[in-house]
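Scroll down for the structure; my scribbles are underneath it.
The values are calculated or read from the model by the stated rules, or taken from the named source; none is laboratory data. These numbers come from a predicted model, not from an experiment. Here the Cβ positions follow ideal geometry from the backbone for every residue, glycine too, while neighbour counts run over all protein chains shown.
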Amino acid sequence: MHTDIPNHPPALVMMNCGRNVIGTPSYGSWITYGLGTENQNLPGYVVLCPGKPNAVGAQLWSSQFLPGVYQGTHIQNDERAADPDGLIPFLRPLRLSDAQQREQVDFLTEINREHLRRREGDAELEASIQAMEIAYRMQAEATDAFDLRKEKPATHARYGDSNFGRGCLLARRLVEPGVRTVQVFFEASDPWDHHADIMMHQQLAAMADPAIAALLDDLRVSGLLAETLVLVGSEFGRTPTAEISVRQFLQNGRDHNPYGFTVLLAGGGVRGGYAHGATDEWGWRAVDKPVHVHDLHATLLHLLGFDHTRLTYHYSGRDFRLTDVEGNVVKEIMA
């Protein structure tokens with residue numbers, strides 16, 4: 001892989017939204033817009049992150065000019081994930097019966113629809129209407145899908161007692177009932193950003209690897225891996241050269257490297273056991289079959305059944321798409 005810029009926020013926006021500036025929908029929103037959802041009682045696009053990631057936040061899962069219903073639903077998968085009532089606070093009203101609540105939601109929807117007729121095209125108002133309806137339907141199914149207490153201790157051990165481990169386990173439980181797109185952030189901060197000591201990656205890999213392996217294995221055993229595309233990656237890589245501090249002390253850290261890095265794809269029609277392309281002998285720059293982020297997005301959409309040049313949305317006088325005006329499908333990685 002290679003990308004456009006070696007700075008976290010714009011590189012994260014590029015990887016998530018196809019541009020290095022804020023203003024276009026996330027890939028999860030594009031996918032949900034194109035495919036819809038298989039489960040009307042859960043959001044079509046769920047984002048699992050214990051906090052706001054790296055000073056960018058909700059822009060990374062925003063629907064922007066797409067209808068608001070396609071925006072990612074952010075769930076904070078921290079220690080509260082043990083109890084679904086703590087994970088999604090205030091989902092259930094304390095003093096209303098189901099019938100009273102249905103009546104209340106219908107009344108609010110009627111008022112909002114009348115308001116929307118006077119403000120045609122108000123995306124935020126439309127999103128609010130959809131959010132209330134989805135929240136009401138979630139009460140029955142979300143508490144089950146998000147209830148990690150139903151998993152065996154051995155399963156928790158395989159995924160690991162970390163935010164990322166809980167995120168991967170929740171992702172599996174959300175894919176099973178038909179949530180279309182699930183995105184798991186490792187943490188809200190940048191724990192992999194090791195400018196001082198790259199060997200700290202060993203500790204993080206000890207949390208990441210078992211969780212990813214458990215997720216892939218569970219999807220494989222259930223048969224879902226064949227129809228579920230899993231992407232593991234970051235916004236850029238690390239340099240092969242050691243970094244020198246401002247005081248000119250030699251450190252064992254590595255700087256940002258947008259010129260050559262790796263992502264992993266599994267399931268969903270991907271060719272197993274295949275490595276595509278290579279960097280130069282120093283591990284600095286992708287020189288053999290380099291793949292840009294636009295190419296990755298075009299390939300993801302192709303694997304999900306789309307021609308990336310035709311999945312568009314007309315806004316502000318032009319047709320927008322995830323890959324902007326670029327992107328080539330990498331057919332060599334396909335089974």
Notebook entry, point to check: What single numbered condition from (1) in contact with a Gly (Cβ under 9 Å, 6 or more places away or on another chain); (2) among the aliphatic types (A, V, I, L, M); (3) within 19 Å of residue 306 (Cβ to Cβ); (4) crowded, with 19+ Cβ neighbours inside 10 Å fails to hold for residue 66?
Noted result: (1)
Item checked: Evaluation of residue 179 against (1) out of contact with any strand residue (DSSP E or B) (no Cβ under 7 Å at 6 or more places or on another chain); (2) under 28 Å from residue 41 (Cβ atoms); (3) surrounded by 17 or more Cβ atoms within 10 Å (Cβ to Cβ) (one fails), failing number -> (1)
Next item on the list: Within the range 126-152, work out how many residues are under 17 Å from residue 46 (Cβ atoms) and not in a helix (DSSP H, G or I).
Entry: 2
Check: Could we say that residue 188 is in a helix (DSSP H, G or I), at pLDDT 90 or above, aliphatic (A, V, I, L, M) and closer than 27 Å to residue 297 by Cβ here?
Finding: no
Next item on the list: Output yes when any residue across the range 154-171 is among the small types (Gly, Ala, Ser) and exposed (fewer than 12 other Cβ atoms within 10 Å of the Cβ), and no when none is.
Entry: yes
Next item on the list: Tell me, please, whether a residue that is surrounded by fewer than 18 Cβ atoms within 10 Å (Cβ to Cβ), assigned to a helix (DSSP H, G or I) and not hydrophobic (A, V, I, L, M, F, W, C) can be found in the range 47-57.
Entry: yes
Checklist line | Selection status of residue 130, farther than 22 Å from residue 212 by Cα, touching a residue at least 24 places away in the same chain (Cβ under 8 Å) and either aromatic (Phe, Trp, Tyr) or in contact with a helix residue (DSSP H, G or I) (Cβ under 8 Å, 6 or more places away or on another chain) (or both) | finding: yes
Checklist line | the range 18-46, residues that are part of a loop (DSSP other than H, G, I, E, B) and farther than 17 Å from residue 327 by Cβ | finding: 21, 22, 23, 36, 37, 38, 39, 40, 41, 42, 43, 44
Note to self: Just to verify a result, which residue in the range 15-46, among those that are among the small types (Gly, Ala, Ser) and over 23 Å from residue 135 (Cα atoms), is surrounded by the most Cβ atoms within 10 Å (Cβ to Cβ)?
What the structure shows: 18
Next item on the list: May I ask you to say which residue of 286, 298 is in contact (Cβ under 8 Å) with a residue 60 or more places away in the chain and closer than 20 Å to residue 3 by Cα?
Entry: 286
Next item on the list: Could you list, in sequence order, all residues of the range 111-124 that are part of a helix (DSSP H, G or I) and surrounded by fewer than 15 Cβ atoms within 10 Å (Cβ to Cβ)?
Entry: 111, 113, 114, 115, 117, 118, 124
Check: Looking at this structure, is residue 136 more than 30 Å from residue 240 (Cβ to Cβ) and touching a Cys at 6+ places or on another chain (Cβ under 9 Å)?
Finding: no
Margin query: For residue 187, only one of the following conditions fails: (1) touching a residue at least 40 places away in the same chain (Cβ under 8 Å); (2) exposed (fewer than 15 other Cβ atoms within 10 Å of the Cβ). What is its number?
Written below: (2)
Checklist line | Residue that is modelled with the highest pLDDT, among those in the range 33-58 that are closer than 18 Å to residue 173 by Cα and among the hydroxyl-bearing types (Ser, Thr, Tyr) | finding: 45
Checklist line | Selected residue (only one of 275, 286, 298 is surrounded by 13 or more Cβ atoms within 10 Å (Cβ to Cβ), out of contact with any helix residue (DSSP H, G or I) (no Cβ under 8 Å at 6 or more places or on another chain) and farther than 20 Å from residue 17 by Cβ) | finding: 286
Check: In the range 284-335, what count of residues is obtained for those that are assigned to a loop (DSSP other than H, G, I, E, B), modelled with pLDDT of 95 or more and touching a Lys or Arg at 6+ places or on another chain (Cβ under 9 Å)?
Finding: 8
